[in-house]
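Following: one structure in structure tokens, then a few remarks.
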């Protein structure tokens, strides 16, 4: 590594940035191996098994031999863990029949192990636009099967969602994030259901201007997601930082109630907060939001370089 | 009137109060001593969330479904798990709600709440049956229908089961609608035709009724009978979704899924 320039050396808060090893720049396979303890990862149903999507070639699209999803099992801080990583560079990180079957099957096998006294946690690297539209209903069903499989495991062992970026997590696979025991984002990670372009084309530019990047980040970005309780940690884009956040999230164990079971909390957020006027408030930011489009974007402050909720949340 | 409301009314014995106007809840008698709790997402023109006024599943609908399902689980929690009542999801959903407010609140989590509740009911022993009477599209279907133990659909030209509605599917995959229709002839999962969807292995019955828009008495008894049979199958079957891979049609249409699962299971020590 080159010498540290004085401008960095004089400022301790820049040291982490200078020394970091980017997680976001890694592909899905490298991300999965980098999270696990060194030399413990083993990939299952890897590209040499050559199981490809049968639906792409007839559409003139080139399939990949791992269908854009890697399953790597190994140790995380000495305990069994399976990492399921979506490759954002293949078909927009979308879930098709084969990639979906791999993810669902890995989660079900983990659940089987956990039931038979071999506890294993799971980490999902969500870099995805959701259902692969080129595989239509089979992609949609694949997501439904992943959700069911995740829930089989979640009651026994933590299932951690990681949204690193740059794609972020959108569409049906974000329901996965909603079901996860805990969610870790980097500062480059966005988490949403409908992407800005989709909302704009469905509802018009007044509803969501997809060219307004500040708006997108203030709605789907890590600061808002952390402040409103949709994510549990925001970390620097740095392999050791992401790994440490995942270890912490797994170590916090299985909570009594998961985020998606807290119906009272979810309902309270939607209750009119000022005497029957149709206004709503988001927790954490304390900023009232009017239910009509065309207002100034929600302001969200930039968080520190790393935030993590306590184990109790 | 929407098809979800029509079929909900036709199948319900007694409508129950719902804290959410867009969620219809009723008790139903499917005959032969088979009680069921009926749930439907119905259009609410006064929905506080303007992007969810046409029967879409948005924030209120996600939590409304979760609430109604959790209530049934609670009601039957003291019964033996093979005695718990069935839940029937009447499905006619244009999509999830596409809106900025929805994004700000985290629509994915509200949908997840519904998914979580449906799966919990299924695992607890409640047979969960989806009956598609209209559209079953995208996140709306994931929230309301796709966690079911059994999925039935009307055999009708107006049924649409897809990952997204057709104009958006064409736009996002950079095709014209004509090109998409052409491709759907050779790539079955792209089809919008319910009969094609039924060949993919996770359709548990297509119901040929005489009037899908205004069901006759005979249509309703046909549907009740099919629902009753589906409940019986669900009671005998596994409580996860593996039955979607076991049908003869799945063995063919989803052979890539089966191959990937087989390989992964062999290698997983």
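Summarising the strand pairing of chain B, around 30 percent of its internal DSSP beta bridges are antiparallel. Taking the number of Cβ atoms within 10 Å of each Cβ as an exposure proxy, the fewest-first ranking of A:62, A:143, A:8, A:234 is A:62, A:8, A:234, A:143.
Gaussian network model of chain A, Cα springs within a sub-10 Å range: biggest mean-square fluctuation belongs to which of A:195, A:60, A:178? For chain A, modelled as a Gaussian network with Cα springs under 10 Å, the answer is A:60. Cβ-Cβ distance of residue B:178 and residue A:4, R₀ of 35 Å, FRET efficiency by 1/(1 + (r/R0)^6): the value works out to about 0.05. Full extension of the segment from residue A:89 to residue A:256, taken as 0.36 nm per residue of separation minus the current Cα-Cα distance, would add 56.5 nm.
When chain A is treated as a Gaussian network with alpha carbon springs shorter than 10 Å, the biggest mean-square fluctuation among A:98, A:184, A:242 belongs to A:98. Under the shape rule built on the C-alpha gyration tensor, where the axes satisfy a ≥ b ≥ c, segment B:1-79 is oblate, since a/c reaches at least 1.5 while a/b does not exceed b/c. Test of understanding: in a Gaussian network model of chain B with alpha carbons linked when under 10 Å, which of B:55, B:205, B:217 would top the mean-square fluctuation ranking? So, out of B:55, B:205, B:217, the one fluctuating most is B:217. Cα centroid separation, segment B:124-174 to segment B:61-98: 17 Å.
When the Cα gyration tensor is reduced to axis lengths a ≥ b ≥ c, the ratio a/c is 1.5 or higher for the protein assembly as shown, and with a/b above b/c it is classed as prolate. By DSSP, the beta bridges lying fully in chain A are antiparallel in about 45 percent of cases.
Shown is the FRET efficiency for residue B:233 and residue A:156, computed with R0 = 35 Å from the Cβ-Cβ distance and rounded to the nearest 0.05: 0.80. What is chain B by shape, rounded, prolate or oblate, if you read a ≥ b ≥ c off the alpha carbon gyration tensor as root eigenvalues and call it rounded for a/c under 1.5, prolate for a/b larger than b/c, and oblate otherwise? Cα axes put chain B in the rounded bin. Residues B:133, A:246, arranged from fewest to most other Cβ atoms within 10 angstrom of their Cβ, appear as A:246, B:133.
Taking other C-beta atoms within 10 angstrom as a stand-in for reagent exposure, A:173, B:1, A:156 fall in the order B:1, A:156, A:173, fewest first. Count the DSSP beta bridges whose two residues both fall in the protein assembly as shown, then state the antiparallel fraction as a percent rounded to the nearest 5. Antiparallel bridges: around 40 percent, rounded to the nearest 5.
Read the figures in this text as sums done on the coordinates, not as results from a lab. Just so it is clear, the model here is predicted, and its values are computed rather than measured. FYI the Cβ positions are ideal-geometry reconstructions off the backbone, even for glycines, and counts take in every protein chain you see.
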